[in-house]
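The block underneath contains the structure these notes are about, expressed in structure tokens.
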Amino acid sequence: MVALSIKGVAAQEVVETAVTAQASMSPETTFIFNTLLFLIMGMVVMFMAAGFCMLEAGLVRSKNAATICLKNITIFAIASVMVWLVGYNLIYGNVDTPGGWMGTLSPWKADDTDPLGLGYAAGSDWFFQMVFVATAASIVSGTVAERVRLWPFFLFTAILTGFIYPIQASWEWGAGWLDSEYGFSDFAGSTLVHATGGWAALAGAIALGPRRGKYSSNGVINKLHGSSMPLATLGVFILWLGWFGFNGGSQLALGSIDDSISVSNIFINTNMAAAFGVITVVVLCTFFAKKIDLGMALNGAIGGLVAITAEPLAPAIWQAAVIGACGGGVIFILTPLLEAARIDDVVGAIPAHLGCGILGTMVVPWTNADATFVGQGVGVIANAGFVFGISLVLWFFLRFTIGIRASATEEDEGLDASEVGAPAYPDFMGSVKLAE
């Protein structure tokens, strides 16, 4: 009992010391910690680009793996440029005048004239927001893989990252009309990032059509196996890691004890949602399918992560687990439905990012009393109409002008030959004739 009493006194002293330290924390210290949060979490989110690349390279056939790698590194480069030129200010350009439809059309430049008033280095926030945009664009890449030509895809990526994503993001994160009129809540982007990428991917899949040999004329759905499931699994582990930066960094501050506790809780909820997403898919496959589908289990993790992204702070751990489990359920149900509709999604990005993005957004009022189902529904519908509508028009415009799909011969030989000119795995591709 004496030992317990001593421990209790010591714990109380630690708390009192921490509270005193917080009260006396200088604005400079708060500025430094907030800036570090943006920079470190931004670097972690940037690593998600590698995760998407490895996931997609593993799930496509070996004859298309080099093209996937080229697409993913170019996506990040395009996003970097477009967010600098127009994207950032389209999101945040009118943040001081709530209720708008978009920000300003101008290049971003750092404004550190009042750094302590802002609370962080302006450039650190730009970097953190930029990597979010790149994430949305990466979602599209996997869905349209193995048949889309590179330059039409790059043009679409430029418009998505420079205009489509920033405009709809400004409605919430730029204090736009969804935020001010409907109280729409999307903490880290289940809708604004992931459903946006999912809607753009769905539009691309519709405009492109399925891969050759995916669907037989007699209605048989053929399984086109990827080149490396270990590589795809590595990609998901990288994405899982990156999500701690994605959700944790969206706290947007680390200059106080409360913020530090919040980031820690976000990490735990994020992890539990992913874990239960995987477990749910594994259990459902065990009871309702002949064998456990590794690809679906991998997407179970992503589905859980996407579902918790709209509100990773408010839920208790058990609620985060339920949300993640529901995400896994969406993967298990929506993946075969998409196949039955003859929509060819190479990596399963549409169920994971679109389906679970909508789920995560609509469940926010369960754990966050400040959100309403009406406000969340309005946000989901507005995002769907804008992103899917503009993306579908753009994909079909590109299709009927410069063309978006590789020829039958190019698709059969693999896009590494026609688009890149060198295979990802030359030791295993000796029979493929490369372009001169």
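The values are calculated or read from the model by the stated rules, or taken from the named source; none is laboratory data. This is a predicted model, so every value here is computed, not measured. Here the Cβ positions follow ideal geometry from the backbone for every residue, glycine too, while neighbour counts run over all protein chains shown.
Which of (1) in contact with a Phe, Trp or Tyr (Cβ under 8 Å, 6 or more places away or on another chain); (2) modelled with pLDDT of 95 or more; (3) outside any helix (DSSP H, G or I); (4) not charged (D, E, K, R) is the odd one out, the single condition G242 does not satisfy?
(3)
In the range 58-78, what residues are in a helix (DSSP H, G or I), in contact with a Gly (Cβ under 7 Å, 6 or more places away or on another chain) and of a type in the set (D, E, K, R)? Break it down stepwise before answering.
Residues of the range 58-78 in a helix (DSSP H, G or I): 58-59, 62-78.
Subsequent filtering for residues that are in contact with a Gly (Cβ under 7 Å, 6 or more places away or on another chain) retains 58-59, 63-64.
Once the filter is applied, which keeps residues that are in a helix (DSSP H, G or I), in contact with a Gly (Cβ under 7 Å, 6 or more places away or on another chain) and of a type in the set (D, E, K, R), the range 58-78 yields only K63.
Conditions tested, residue by residue: (1) surrounded by fewer than 24 Cβ atoms within 10 Å (Cβ to Cβ); (2) touching a Lys or Arg at 6+ places or on another chain (Cβ under 9 Å); (3) closer than 17 Å to N94 by Cα; (4) at pLDDT below 95.
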residue	(1), (2), (3), (4)
A136	no, no, no, yes
V148	no, yes, no, no
W151	yes, no, no, no
A158	yes, no, no, no
P166	no, no, yes, no
A169	no, no, yes, no
G183	yes, no, no, yes
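Taking the condition of being under 17 Å from P27 (Cβ atoms), in contact with a helix residue (DSSP H, G or I) (Cβ under 6 Å, 6 or more places away or on another chain) and of a type in the set (A, V, I, L, M), how many residues in the range 237-260 meet it?
Result for the range 237-260: 3.
If you take the residues of the range 206-258 that are over 21 Å from G142 (Cβ atoms) and hydroxyl-bearing (S, T, Y), which of them is surrounded by the most Cβ atoms within 10 Å (Cβ to Cβ)?
Applying the filter and picking the extreme gives S250.
Go through (1) without any contact (Cβ under 8 Å) to a residue 40 or more places away in the chain; (2) more than 30 Å from M25 (Cα to Cα); (3) assigned to a helix (DSSP H, G or I); (4) of a type in the set (A, V, I, L, M, F, W, C) for I292 and report which single condition fails.
(3)
Do we have any residue at all in the range 313-323 that's at pLDDT below 95, of a type outside the set (G, A, S) and part of a helix (DSSP H, G or I)?
Initially, the range 313-323 is screened for residues at pLDDT below 95, giving none.
Checking the range 313-323: not a single residue is at pLDDT below 95, of a type outside the set (G, A, S) and part of a helix (DSSP H, G or I).
Can you name the residue in the range 1-57 that is at pLDDT 50 or above and not in a helix (DSSP H, G or I) and, of all such residues, is nearest to H225 (Cα to Cα)?
Selected residue: F47.
Tally time: how many residues in the range 367-398 are assigned to a helix (DSSP H, G or I), touching a Pro at 6+ places or on another chain (Cβ under 8 Å) and not aliphatic (A, V, I, L, M)?
Of the range 367-398, the ones assigned to a helix (DSSP H, G or I) are 367, 373-398.
The next check asks that each one be touching a Pro at 6+ places or on another chain (Cβ under 8 Å); those that pass are 367, 373, 376, 398.
Still in the list and also not aliphatic (A, V, I, L, M): 367, 373, 376.
Looking only at that region, the number is 3.
In the range 349-382, what residues are buried (at least 24 other Cβ atoms within 10 Å of the Cβ) and not hydrophobic (A, V, I, L, M, F, W, C)?
P351, H353, G355, G357, G360, T361, Q376, G379
For the range 399-415, which residues satisfy the criterion of being within 25 Å of K63 (Cα to Cα) and either among the small types (G, A, S) or assigned to a helix (DSSP H, G or I) (or both)? First the steps, then the outcome.
Of all residues in the range 399-415, those within 25 Å of K63 (Cα to Cα) come to 399, 402-415.
Listed by number, the residues that qualify are R399, G403, A406, S407, A408, T409, E410, E411, D412, E413, G414, L415.
For the range 79-106, enumerate the residues that are surrounded by fewer than 19 Cβ atoms within 10 Å (Cβ to Cβ), outside any loop (DSSP other than H, G, I, E, B) and among the hydrophobic types (A, V, I, L, M, F, W, C).
Across the range 79-106, the qualifying residues are V81, W84, L85.
Return the pair list, or none, for Cβ contacts closer than 7 Å from residues in the range 203-216 that are without any contact (Cβ under 8 Å) to a residue 24 or more places away in the chain to residues that are among the polar types (S, T, N, Q) and surrounded by fewer than 15 Cβ atoms within 10 Å (Cβ to Cβ), at least 6 apart or on different chains.
Once the first residue is without any contact (Cβ under 8 Å) to a residue 24 or more places away in the chain and sits in the range 203-216, its partners that are among the polar types (S, T, N, Q) and surrounded by fewer than 15 Cβ atoms within 10 Å (Cβ to Cβ) give G213/N222; S216/N222.
Given (1) in contact with an Asp or Glu (Cβ under 7 Å, 6 or more places away or on another chain); (2) more than 14 Å from A203 (Cβ to Cβ), identify the lone condition not met by T143.
(2)
Contact list please: Cβ distance under 8 Å, first residue in the range 56-74 and touching a residue at least 40 places away in the same chain (Cβ under 8 Å) and within 20 Å of I350 (Cα to Cα), second residue in a helix (DSSP H, G or I) and of a type in the set (F, W, Y), pairs at least six apart or on different chains.
These pairs meet every condition: K71/F153; N72/F52.
Please specify each residue of the range 402-416 satisfying the condition of being hydrophobic (A, V, I, L, M, F, W, C) and either touching a Pro at 6+ places or on another chain (Cβ under 9 Å) or at pLDDT 95 or above (or both). Can you show your working first?
Keep residues of the range 402-416 that are hydrophobic (A, V, I, L, M, F, W, C), which gives 402, 404, 406, 408, 415.
The answer is I402, I404.
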